[in-house]
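Q: Here's a structure for you.
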Amino acid sequence: MLASILASWPQDLAFEPEDEKQATPLQRLPNELLVHILRCLNITTLERFALVNRKARVVSLDISIWRPPQISDEEDLTVLVLQYSSDYRRLFIEHPRVRWDGVYIAVCHYIRAGASENAWVNVSHLITYHRYLRFYPNGQVLSLLANEEMPPQQIIPVLKPTLHMKGLFIGNWHLSGTTVHVTSLTDPHPSMDSRARYAFQMTLDLRSRPLGRWNRLDFRAYDSVDIESGETTPLALKHERPFWFSKIVHIGTHSVGVRSLRAIVATLFNLQNGGS
């Protein structure tokens, strides 16, 4: 395990230049300040930084970086910490979490019979549609059903609560183990002469392929709910397919990437040269 590997490393780790004649700005930076910078990075950039050398890996494992925000207030952190041996990075990777840095997309198909003037010829049409789910940290979720005339490249940049589009519903979500409950999905922009009679709810299974990605959602149930009576009616899942996660670079609480990290290092280098 990673913990046993770290235990075998020396305590006096340092950032060393590839060229001995070059300066090492990061070596002048206190670990506390470096950790503060790393907390601003997205996970991909953070893990790339950790591959620089052993000192980078050790600093990147600081608890304050990996203590996950997706753990609800209802969960007992003590139990989770014991389960993952106080390794918050491992907890972040292995503990179920709904991702907020992109969109879950399902590509669905079904066959529709077409009209034919020839009795001996059967005409069939392959119909494609997409389902989108975008989750927010505050418990809000967007659900959109769109036909193939609007490909994901056009939908994803505009998929926000302010979107005015047929097929958009806004509701709430919460995670229980590996089960995602989506409730109270209603049209945010109903017509003036009508009000919503029905809401929708989904029950989905959260899966991870490979470990730590949490990039797949499988339909377990899909229901319509009569708002007045509360009566629930199951909807057919015959044509539904799994949702797969698509990461969006500009979405996420950690938005600083490789270029910003390079800029920070360059600034430190300039400060060092100016002070020497």
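Q: Sorted from fewest to most neighbouring beta carbons within 10 Å, what does the list 197, 216 look like? Each step should come with its number before you reach the end.
A: Details: 197 12, 216 17.
Ranking 197, 216 by Cβ neighbours within 10 Å, fewest first, gives 197, 216.
Q: Round to a whole angstrom and tell me the spacing of the C-alpha centers of the stretch 207-225 and the stretch 35-52.
A: Each part's Cα centre sits 28 Å from the other's.
Q: Moving on. For the residues 94, 228, what sequence is obtained by ranking on other C-beta atoms within 10 Å, fewest first?
A: Details: 94 15, 228 8.
Fewest to most other Cβ atoms nearby, the residues stand as 228, 94.
Q: Mind checking which lysines have their C-alpha under 23 Å from residue 238, skipping anything on the same chain fewer than 8 residues away?
A: Those lysines meeting the cut-off are 166.
Q: Quick one: 202, 150, fewest Cβ neighbours within 10 Å first, how do they rank? Spell out each step's value before the answer.
A: Numbers: 202 23, 150 15.
Ranked by crowding around the Cβ, least crowded first: 150, 202.
Q: Continuing with this model, one more query. Mean separation of Cα pairs under 8 Å and 6+ residues apart, divided by the residue count of the stretch 102-247: what relative contact order is that in percent? Could you put the intermediate results ahead of the total?
A: Numbers: 298 pairs, mean separation 31.4, N = 146.
Taking the mean separation of contacting Cα pairs over the length of the stretch 102-247, I get 21 percent.
Values quoted throughout were computed directly from the atomic coordinates according to the rules given, and no laboratory measurement underlies them. A quick note: this is a predicted structure, and the numbers were derived from the prediction, not measured. Don't worry about glycine lacking a Cβ; one is built from the backbone with ideal geometry, like all the others, and counts go over all protein chains shown.
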